[in-house]
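What follows is a single structure, written as structure tokens, with notes after it.
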């Protein structure tokens, strides 16, 4: 197989898997009536849909069979994820658990944690949130001040996290906290991760609503929340390394290039039916699709690296930077192409949502400006 073929994800078995996902989505949408959505991995919270995915084995693909998963590769998961997002399916309920918590448990968790949580993730019936950002520590996570202090049999957690997607519905929140004092010479040391039940005593969750009234984000306060030693994720003091590995999954996936794909698909259908006498539409759409194909190949290269157990943090940051910029650009382009056409209700609804979510694309997962610094340092630049 050539390098180009690898970047197209043409491994044996992937085509059959892709076809089965498409067949499932057609049948499921026809039976249950959900509609494609822009940014479906944030706003499409549908617990019944996640459970149905789990029932047919389309969740937990990289989780070993002994923990209830399929025991397949990151590329198999990539194909499933790509189809779910391209169709705008309502995947938000299981998203963080399947994308980030499951790999974290497999790499750093104890066998007890894996036995408890991985089968629930694979079934689509466990939802998690990630507590990283703070009021004074967004993309610069090393500035986080949430602290965990030693207590008998565990830890006491105190601090505040913000922009915690889905925390109000999650079963567990994975919290990054300092377990040793700040070392100004080594700001990234002294962090640990904790598995905290949403309903634990001392946890307070306050909504952060979008201008539309949609509620996806939250501020989460931890007031001396007790976390037993059994719910420490990984090694105490190894939190920064764990988070860095976790962010490779968060930043490099197809969700960084396909959040607006349902809008693009609907708009292409609309403009195709309207005609293109001067060829302008074809040129604009061609450029958009060319960028998408290039970004997809970069994203797949990261999936290959993760499948081989490698460190893809630098390329993952690049996917997130270029991909979310593409997503923002696609909204403006589609608005321009359809502005003088007869109104299409499907396109209009998707476009309205895309305009609302557009500012979020380049913020979540680390601002693009900060990620460019990550890429530069990874290249040996200062």
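In this structure, does residue 50 turn out to be buried (at least 21 other Cβ atoms within 10 Å of the Cβ) and part of a helix (DSSP H, G or I)? Judged against the criteria, residue 50 is a match. Of the set (1) in contact with a strand residue (DSSP E or B) (Cβ under 9 Å, 6 or more places away or on another chain); (2) loosely packed, with under 15 Cβ neighbours inside 10 Å; (3) not in a strand (DSSP E or B), all apply to residue 242 but (2). Considering every residue within the stretch 338-353, establish whether at least one is closer than 27 Å to residue 214 by Cβ, part of a helix (DSSP H, G or I) and within 16 Å of the chain's Cα centre (by Cα). No; the residues of the stretch 338-353 include none that is closer than 27 Å to residue 214 by Cβ, part of a helix (DSSP H, G or I) and within 16 Å of the chain's Cα centre (by Cα). Is at least one residue of the stretch 22-36 over 21 Å from residue 100 (Cα atoms), in a loop (DSSP other than H, G, I, E, B) and under 16 Å from the mean Cα position of the chain (by Cα)? The answer is no, given that none of the residues of the stretch 22-36 is over 21 Å from residue 100 (Cα atoms), in a loop (DSSP other than H, G, I, E, B) and under 16 Å from the mean Cα position of the chain (by Cα). Whether any residue in the stretch 153-161 is assigned by TED's automatic domain parsing to the domain that holds residue 201 and under 20 Å from the mean Cα position of the chain (by Cα) is what I want to check. Yes: one or more hits. Meeting the requirement of 3 or more residues that are buried (at least 21 other Cβ atoms within 10 Å of the Cβ), touching a strand residue (DSSP E or B) at 6+ places or on another chain (Cβ under 8 Å) and at pLDDT below 95, no helices (runs of 4 or more DSSP H) wholly within the stretch 81-192 can be named.
A search for C-beta distances below 8 Å between a residue of the stretch 304-323 that is free of Cβ contacts under 8 Å to residues at least 24 places away in the same chain and any residue that is surrounded by 20 or more Cβ atoms within 10 Å (Cβ to Cβ), counting only pairs 6+ apart in sequence or on different chains, returns 305/312; 305/315. Summed over the stretch 30-44, the residues that are at negative phi and in contact (Cβ under 8 Å) with a residue 60 or more places away in the chain give a count of 7. Among the numbered conditions (1) surrounded by fewer than 13 Cβ atoms within 10 Å (Cβ to Cβ); (2) assigned to a strand (DSSP E or B), the only one that residue 223 does not meet is (1). Here residue 41 fulfils each of the conditions (1) within 22 Å of residue 258 (Cα to Cα); (2) in a loop (DSSP other than H, G, I, E, B); (3) within 18 Å of the chain's Cα centre (by Cα) apart from (2).
The values are calculated or read from the model by the stated rules, or taken from the named source; none is laboratory data. Every value quoted in this text rests on a predicted model; they were computed, and no experiment measured them. As a convention, Cβ positions derive from the backbone with ideal geometry for all residues, glycine included, and neighbour counts pool all protein chains shown.
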